[in-house]
Ligand code: CAO
């Protein structure tokens, strides 16, 4: 017979083992195949064997009890639960903003060019990812030389989309270049590309190949269209705006479709892709494997234009009463019309002239006649009688008269600068917004103070402004770094990231895989 102390020891071992097994069970239930997490909490083998038969029934009953308790009781704070169950680190004790950045440790094989892909990887770089931009030797991203403002220097087009990255030149079609790419694939977490359809496959980097080389690799692509009739087409910004429903719903009713200045096709899709990548990284924590991500620019634009698809469906049930054309008595057709500067939401709005509009193309304000502040608007513009007049007192009564109402408000705004209107209206909680020129934005001190507009120094072009991280996080502080020169980090990446020796580096250099082919002599070329 076992002694009391012995019994207690057995009970302790059993409890420890059972707890460990429950943790394994829970981890497995949440993360099929997530071996690393399971390993961390594995109990001693001997103890598991000893208590297996004895504790099985006990454990099942215990688990059932805990499950019932979990559904009945309110959830514990996530951090506590995670720390207890998975053994993940306790919350950092470092001061906010000094615990590194959100994506520290994530390495991106950045095979992007032009705008959509680079926007995505720049955002990931702002969040701390190590972005290794692969460029063709001697050529680089085509935008380096496009819309140049400083002779011989990388353009703003390039530098404003490729901050916080390192550049390596590799000829991806050279055998040695392919070998280097293979090594990069093994050392990176995400491959991001926005080549024309089929270009990556022609380099030999099919999904199957990449996945076999590094099963954890996430392959994220921007294409113009998803699978369907246009899947093989090359696409630029405005094509996407047109195909995604933005252009047909932008502009004035009597004019042609219009594209917007905001790059919703390129930067908008890059933003969608960045979201997909972060989600895939999160999912990989559980599954241990990468996946493919496709963001079609048409889909990205449509996602941003979804309110217009909303209106398309509302049309089946009658006219769109908040569109000014309703008040003007113009019948609706079969598709959502262009609505000029009408507000896209339930509160009517319009762009109104302000003092100085005759000379300043941006002396305008966006004015929203939000229902709760209608009384304040009437008082401000000298129409207090509209507060009780049945033709103006309620939002539905105002809808057929919007043009007249905005013309009347404009008589008032024309007597003030846009900033004066802003100041006066904000005191009354009336939502208005000045039309800011890019000059005003570039010079706005508050945007500089928040790091939304940042000045960086570049060896080739001197100081330039860029847009910093629009996402502000309390524990992941962005430091905006200038864009790299073409191939600036080639040797550094080959040796420090990929581990090539000096001899191997010399071989690579001699092979021509990382350098531009020699230009033919003039006589030869002639
Ligand atoms: N080494 C060797 N070759 C390289 C290379 C490298 N490091 N990097 C790129 N190349 C090659 C590609 O392999 C491709 O060659 P093949 O066509 O012979 O296989 C070639 O360079 C050009 O690639 P591309 O077709 O993508 O470029 P493009 O200028 O003809 O087209 C674009 C540009 C943007 C229309 C097209 O890439 C595209 O449709 N991308 C998807 C949609 C997208 O992102 N559009 C947004 C663009 S921003 O407005």
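Taking 7 Å steps out from each Cα toward its Cβ at residue 446 and residue 334 produces label points 4.7 nm apart.
For segment 446-502, the Cα gyration tensor yields ellipsoid semi-axes of 30, 17, 6 Å (square root of five times each eigenvalue, largest first, whole Å). Applying 1/(1 + (r/R0)^6) with R0 = 22 Å to the Cβ-Cβ distance of residue 408 and residue 388 gives a FRET efficiency near 0.85.
Efficiency by 1/(1 + (r/R0)^6): what FRET value for residue 401 and residue 252, r their Cβ-Cβ distance, R0 = 22 Å, to the nearest 0.05?
Result of the calculation: an efficiency of 0.65.
Sorting check: for 123-130, 200-207, 498-505, which peptide has the highest mean count of neighbouring beta carbons within 10 Å, and how do the rest follow? Mind showing how you got there, number by number?
Numbers: 123-130: 24.1, 200-207: 16.0, 498-505: 12.6.
Going by the mean number of other Cβ atoms within 10 Å, highest first, we get 123-130, 200-207, 498-505.
Using the basic label-point model (7 angstrom from Cα toward the beta carbon), what is the residue 511 to residue 213 distance in nanometres? The answer from the label model is 1.2 nm.
Rounded to the nearest 0.05, what FRET efficiency do residue 518 and residue 151 give with R0 = 35 Å and r taken as the Cβ-Cβ distance? Could you check?
0.90
For segment 177-299, the Cα-based Rg and Dmax, in that order, read 16.9, 58 Å.
What does the convex hull of the Cα atoms come to per residue for segment 400-444, in Å³? Could the numbers behind the result be given before it?
Working: hull volume 4.4 nm³, N = 45.
Measuring per residue, one finds 98 Å³ for the Cα hull of segment 400-444.
Subtracting the Cα-Cα distance of residue 286 and residue 313 from their residue separation scaled by 0.36 nm leaves 5.8 nm. Extension gain, residue 362 to residue 260, is 35.1 nm, computed as 0.36 nm per intervening residue step minus the present C-alpha separation. A simple spin-label model places the labels of residue 503 and residue 463 5.0 nm from each other, with each point 7 Å out along Cα-to-Cβ.
What is the gain in length, in nm to one decimal, between residue 423 and residue 475 on full extension, counting 0.36 nm per residue of separation less the C-alpha to C-alpha distance? Present the calculation step by step, with values, prior to reporting the outcome.
Working: separation 52, 0.36 × 52 = 18.72 nm, distance 3.35 nm.
Net length gain for the segment: 15.4 nm.
Laboratory data are not the source of any read-out in this text; all were calculated from the coordinates shown. Keep in mind that what you see is a predicted model, and the values were worked out from it rather than measured. Neighbour counts run over all protein chains shown; Cβ positions are idealised from the backbone, glycine included.
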